[in-house]
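Trainee: Below is a structure I'd like to ask you about.
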Amino acid sequence: TVGAVAVDANGHVAVATSTGGMSGKAVGRIGDTPQIGSGTYADDNIAGVSTTGHGESILKYCLAHSIVKLIESGVDANTATKKSVLGMTKRLNNTAGAITLSKNGDVGVYFSSNRMSWAYVRDGKIYYGIEHDQVLEDAYP
Amino acid sequence: MKPIIIVHGGAGDIPDSRVTGKLTGTKAAVIAGHDVLLKGGSALDAVEAAVVSMEKDENFNAGYGSVLNLDGEVEMEASIMDGARLDVGAVTLIKDFLHPISIARKVLSDSPHSLLGGEGAKRFALQKGFETIPPESLISQNAKDALQKFLKHGEFGRTEIGIKDEGGVG
């Protein structure tokens, strides 16, 4: 699965997510990605989220929407992302990851899986990683 | 507002052999999206550009390089959401197109619906000018190997779900 969240100069939030699903899935299986609130959610008034991981669990937990609602309640983007991903994992015993931008551009990244690649650009630098607690940086080309 | 974009390239039990490709492709995607924002493009334009970049890249489970279903086919899905009006567009069970995210965006902009699937999604895409590609052109060797591994061992895809230390996942 791949995804992106952006906030533009006008303060508009948008999110996109795309996937092939899971290897060996049944023909006709639909996961979380196309289901709004599970794989993708965006609200200019709050935040945007794209998720990845165990699709059946993500959609049962409405993971993207759960992160957005936590931010609406006053939780910061990173804490909300971590709290919801861990909440899903604890409740359903499957793993996931998510990327989040609040309406103000605050970043959230968390995954309960072994790895998740991610990257964002801020102040002329690309920040990226794939391991837990790893933040690498390159100059923006 | 200072524009910003973040991308992900998928979570799971990514093997060491795929890490470099994932990192390179993830950085390329965020640059593609950020370049759109720098030129004054909208958030919708930026997230589509970033995802298109990864759908072309076999290092990711989307577009070319998507994992395979039990029939050995690529069957994809995508969604896009505009936070200004809570408008959404999504497609599912779609085959034979390289960029499902761009079809999803057309559902958002050119359709009264939110989610189109299967044959209807294909018909909509063709009506909107998208061209099909041979199904085998979406299949990577890594996806073939992952399906064989699943059929042999019953392990769900390493690109999607971790199989180590996951407490019974899969």
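Trainee: With the requirement that a residue be over 18 Å from B:GLY120 (Cα atoms), part of a strand (DSSP E or B) and more than 8 Å from every other protein chain (Cβ to nearest Cβ), what does the range B:65-107 give you?
Mentor: The answer is B:ASP87, and nothing else.
Trainee: From the list B:MET76, B:MET81, pick out the single residue that is within 11 Å of the chain's Cα centre (by Cα), among the hydrophobic types (A, V, I, L, M, F, W, C), crowded, with 22+ Cβ neighbours inside 10 Å and at pLDDT 95 or above.
Mentor: Being within 11 Å of the chain's Cα centre (by Cα), among the hydrophobic types (A, V, I, L, M, F, W, C), crowded, with 22+ Cβ neighbours inside 10 Å and at pLDDT 95 or above holds for just one of B:MET76, B:MET81, which is B:MET76.
Trainee: Next up: Which members of the range B:1-59 meet the condition of being farther than 20 Å from B:ALA104 by Cα and part of a loop (DSSP other than H, G, I, E, B)?
Mentor: Matches in the range B:1-59: B:MET1, B:LYS2, B:PRO3, B:ASP13, B:ILE14, B:PRO15, B:LYS39, B:GLY40, B:GLU58, B:ASN59.
Trainee: Still on this structure: Taking interchain pairs and intrachain pairs at least six residues apart, which have beta carbon atoms under 9 angstrom, with the first residue in the range A:85-111 and farther than 15 Å from A:TYR61 by Cβ and the second assigned to a loop (DSSP other than H, G, I, E, B) and small (Gly, Ala, Ser)?
Mentor: Partner pairs satisfying both residue conditions: A:LYS103/A:GLY11; A:LYS103/B:GLY83; A:ASN104/A:GLY11.
Trainee: Exactly one of these conditions fails for B:VAL67: (1) farther than 20 Å from B:ILE139 by Cα; (2) surrounded by 23 or more Cβ atoms within 10 Å (Cβ to Cβ); (3) out of contact with any Lys or Arg (no Cβ under 6 Å at 6 or more places or on another chain). Give me its number.
Mentor: (1)
Trainee: Looking at A:TYR128, A:TYR140, can you tell me which residue is more than 26 Å from B:ALA84 (Cβ to Cβ) and without any contact (Cβ under 8 Å) to a residue 12 or more places away in the chain?
Mentor: Step by step, each of A:TYR128, A:TYR140 is checked, and only A:TYR128 is more than 26 Å from B:ALA84 (Cβ to Cβ) and without any contact (Cβ under 8 Å) to a residue 12 or more places away in the chain.
Trainee: Still on this structure, I have one more. Filter the range A:37-57 down to the residues that are at the interface with chain B (Cβ under 7 Å from one of its Cβ atoms), closer than 18 Å to B:LEU108 by Cα and under 13 Å from the mean Cα position of the chain (by Cα) and list them by number.
Mentor: Once the filter is applied, which keeps residues that are at the interface with chain B (Cβ under 7 Å from one of its Cβ atoms), closer than 18 Å to B:LEU108 by Cα and under 13 Å from the mean Cα position of the chain (by Cα), the range A:37-57 yields A:GLY39, A:THR40, A:TYR41, A:ALA42, A:GLY48, A:SER50.
Trainee: Of all residues in the range A:100-131, how many are facing chain B (nearest Cβ under 7 Å), among the small types (Gly, Ala, Ser) and surrounded by fewer than 23 Cβ atoms within 10 Å (Cβ to Cβ)?
Mentor: 1
The values are calculated or read from the model by the stated rules, or taken from the named source; none is laboratory data. Values in this document were obtained by computation on a predicted structure and should not be read as measured data. Ideal geometry is used to build each Cβ from the backbone, glycine not excepted, and the neighbour counts take in all protein chains shown.
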